[in-house]
Amino acid sequence: MGLSLGDPPRYQGLRAKLISHLEKKGIKDLVVLTAMRRVPRHLFVDPTFIEHAYSDQALPILCGQTISQPYTVAYQTELLQVHPGHKVLEVGTGSGYQCAVLCELGAEVYSIELERTLYERAKALLKELGYRPLLRWGDGRLGWPNYAPFDRILLTAATEEVPLNLIAQLAEGGRLVAPIGKENTQTMMVGTKIKGTMKWEEKGTFRFVPLRTA
Ligand code: SAH
C-alpha cells in the first residue's frame, strides 16, 4: 500500500466489526468475508463520507453514482462463486471497491466503467493499492470481446434485460449475476450457461443505480 494511503487501526477495527455484521446477516462464504476484510473501503468512498465507510450502507461517489452497500457486495460476490484464476468481467467499476474484492479472490479481473472520471480515479487508486485488474472506459453493455469468454460476469448496475453481448461472452458453465428490473427495485438474478442456454434463479430484491446507454 502506498505511503499516502493509510489503513489506521481504527478503520481496521471498524472493518472487522462490519465483517462480523455481514456474517450475522447471512454471508457464509469465508473466502468472500476474508477478501472484504482485506480491502480498505474507506479509501474508495468520497472523503466527505469517510466516517460512514464501515457502516452497512451505499454511499454517493462522483458522477451521481454510488458505491454499493457492503452487504450487497458480499451477497453478489458470494453468488458469483469466484475461484482463483477465473476470468471475471465486472460491468460498472464505479469506485473500484467491488473490483478490489474480486482481485482479492485471485481472479483475473476485467472491469468497464461508462464515466470517465470514475474510470480514471478507480484506475489510480487500484494501482496504488497494488491491484492489477484490466480497466476500460466505455459501455459495459458491449462486454469486452477481446478477452471473452469470461467464467464469471457481474453487473453492478440495474438493467431490465441482460445485454445479449454479455450472455454471448459468458463461458460454457459460467455464472452471471445481475440486478434485473425497473428503476425502483430489481431482482438479483443468477444465470448459469448450460449447453449454450441460460438457466435463471431469483435471489432477492435490491436497488441499484441504472445501467445507462453511452
Ligand atoms: N461496483 C461499483 C458500484 C458502482 S455503481 C463499486 O464497487 O463502487 C454502478 C456503476 O455502473 C456506476 O459507476 C455507473 O457509472 C456504471 N455504469 C452505468 N452504466 C454503465 C454502462 N453502460 N457501462 C459501464 N458502466 C456503467
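Descriptive notes on the structure:
- Among residues of the stretch 121-135, those that are more than 9 Å from the ligand (Cβ to nearest atom) and either hydroxyl-bearing (Ser, Thr, Tyr) or surrounded by 18 or more Cβ atoms within 10 Å (Cβ to Cβ) (or both), counted: 8
- Residue within the stretch 64-78 that is on the phi < 0 side of the Ramachandran plot, surrounded by fewer than 23 Cβ atoms within 10 Å (Cβ to Cβ) and among the aliphatic types (A, V, I, L, M) present: no
- Being within 12 Å of the ligand (Cβ to nearest atom) and either under 11 Å from residue 95 (Cα atoms) or of a type outside the set (Phe, Trp, Tyr) (or both) is true of residue 67.
- Residue pairs whose Cβ atoms lie under 7 Å apart, separated by 6 or more positions or on different chains, with the first residue in the stretch 67-78 and of a type outside the set (Val, Ile, Thr) and the second open to solvent by 10 Å² or more (accessible area, probe 1.4 Å) and near the ligand (Cβ under 9 Å from one of its atoms), are 68/58; 68/98; 68/156; 69/58.
- Residue-level check: of (1) in a helix (DSSP H, G or I); (2) small (Gly, Ala, Ser); (3) over 24 Å from residue 123 (Cβ atoms), residue 35 misses just (3).
- Scanning the stretch 73-117 for residues that are within 8 Å of the ligand (Cβ to nearest atom) and more than 14 Å from the chain's Cα centre (by Cα) returns 114, 115.
- Residues located in the stretch 83-120, provided they are open to solvent by 60 Å² or more (accessible area, probe 1.4 Å), part of a helix (DSSP H, G or I) and not hydroxyl-bearing (Ser, Thr, Tyr): 116, 120
- Filtering the stretch 155-214 to residues that are over 13 Å from residue 72 (Cβ atoms), open to solvent by 30 Å² or more (accessible area, probe 1.4 Å) and within 12 Å of the ligand (Cβ to nearest atom) leaves 165, 210, 211, 212, 213, 214.
- Failed condition for residue 164, given (1) in contact (Cβ under 8 Å) with a residue 12 or more places away in the chain; (2) out of contact with any helix residue (DSSP H, G or I) (no Cβ under 9 Å at 6 or more places or on another chain): (1)
The values are calculated or read from the model by the stated rules, or taken from the named source; none is laboratory data. In this text the structure is predicted, and so the values were computed from the model without any measurement. All Cβ positions, even for glycine, are placed from backbone atoms using ideal geometry, and neighbour counts span all protein chains on display. All accessible areas refer to the heavy atoms of the entire protein, side chains included, with ligands and DNA or RNA removed. Shrake-Rupley method; radii C 1.70, N 1.55, O 1.52, S 1.80 Å.
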